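Enquirer: Questions regarding the structure given below will be posed in turn.
The values are calculated or read from the model by the stated rules, or taken from the named source; none is laboratory data. All of these numbers come straight from a predicted model, not from anything done at the bench. Neighbour counts run over all protein chains shown; Cβ positions are idealised from the backbone, glycine included. SASA here: full protein model, heavy atoms, side chains in, ligands and nucleic acids out. Shrake-Rupley method; radii C 1.70, N 1.55, O 1.52, S 1.80 Å.
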Amino acid sequence: MINLENKEICIVALGASFSEYVLSRINSIRYDEVWGINSIGAIFHVDRTFMMDPASRFLDDIKAGSQTGVAQEFLLETKNKGPIYSCCLDERVPEIVEYPLEDVINAVKVAYFNNTVSYAIAYAIYAKVKKIHLFGIDFSYKE
């Protein structure tokens, strides 16, 4: 694991408040790392991504609805995307690494994560980051 101890990171997801991340950057606020949730890395540069659904969900089907296209773009076309933490490897996306679930559970003493954002936050705690900024985690599905 890369040393993230005492770093200030932000996690950016696809919800409406991702625009606050844009405003923070416009106002020259800097973060040691930017972590993306799912395919936000096709829109913004991210240092690492958390995509806990298998890549096959996006590459082999249209189960992600309108996000399928941008997810495919991110997984197959976007350059400089850093590691993508996921539940399983996929040979089509060499940047995918398996999420260190057992290590994270042992570190945070919690074994239930109900969405990808919670996996990213747990990883940040495991990595002993100093501060976590959250943007765009206010997403929901209308259907």
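Enquirer: I want to confirm something. Restricting to region 16-74 and keeping residues that are at positive phi and either crowded, with 16+ Cβ neighbours inside 10 Å or in a loop (DSSP other than H, G, I, E, B) (or both), which single residue is modelled with the highest pLDDT?
Expert: Going through the qualifying residues, I end up with SER28.
To keep it simple, each residue is scored yes or no on (1) touching a Lys or Arg at 6+ places or on another chain (Cβ under 8 Å); (2) open to solvent by 60 Å² or more (accessible area, probe 1.4 Å); (3) in contact (Cβ under 8 Å) with a residue 60 or more places away in the chain; (4) farther than 13 Å from SER39 by Cα.
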| position | (1), (2), (3), (4) |
| --- | --- |
| LYS81 | no, no, no, no |
| ASP90 | no, no, no, yes |
| LEU101 | no, yes, no, yes |
| TYR123 | no, no, yes, yes |
| PHE135 | no, no, yes, yes |
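Enquirer: So, PHE139, is that one touching a helix residue (DSSP H, G or I) at 6+ places or on another chain (Cβ under 8 Å) and either of a type outside the set (D, E, K, R) or assigned to a strand (DSSP E or B) (or both) or not?
Expert: Taking the combined requirement at face value, the residue does not satisfy it.
Enquirer: With respect to THR116, determine if the residue is modelled with pLDDT under 90, open to solvent by less than 70 Å² (accessible area, probe 1.4 Å), in contact with a helix residue (DSSP H, G or I) (Cβ under 9 Å, 6 or more places away or on another chain) and under 15 Å from SER39 (Cβ atoms).
Expert: No; evaluated as a whole, the condition is false for this residue.
Enquirer: Step by step: first the residues of region 17-57, then only those that are touching an Asp or Glu at 6+ places or on another chain (Cβ under 6 Å) and not β-branched (Val, Ile, Thr), then the one that is farthest from PHE139 (Cα to Cα). Which residue is that?
Expert: Result: ASP32.
For (1) touching a Ser or Thr at 6+ places or on another chain (Cβ under 8 Å); (2) within 17 Å of ILE9 (Cβ to Cβ), each residue gets a yes or a no:
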position	(1), (2)
ARG30	no, yes
THR68	no, no
ASN80	no, no
SER86	no, no
LEU89	no, no
ILE96	yes, no
VAL108	no, yes
PHE113	no, no
ILE125	no, yes
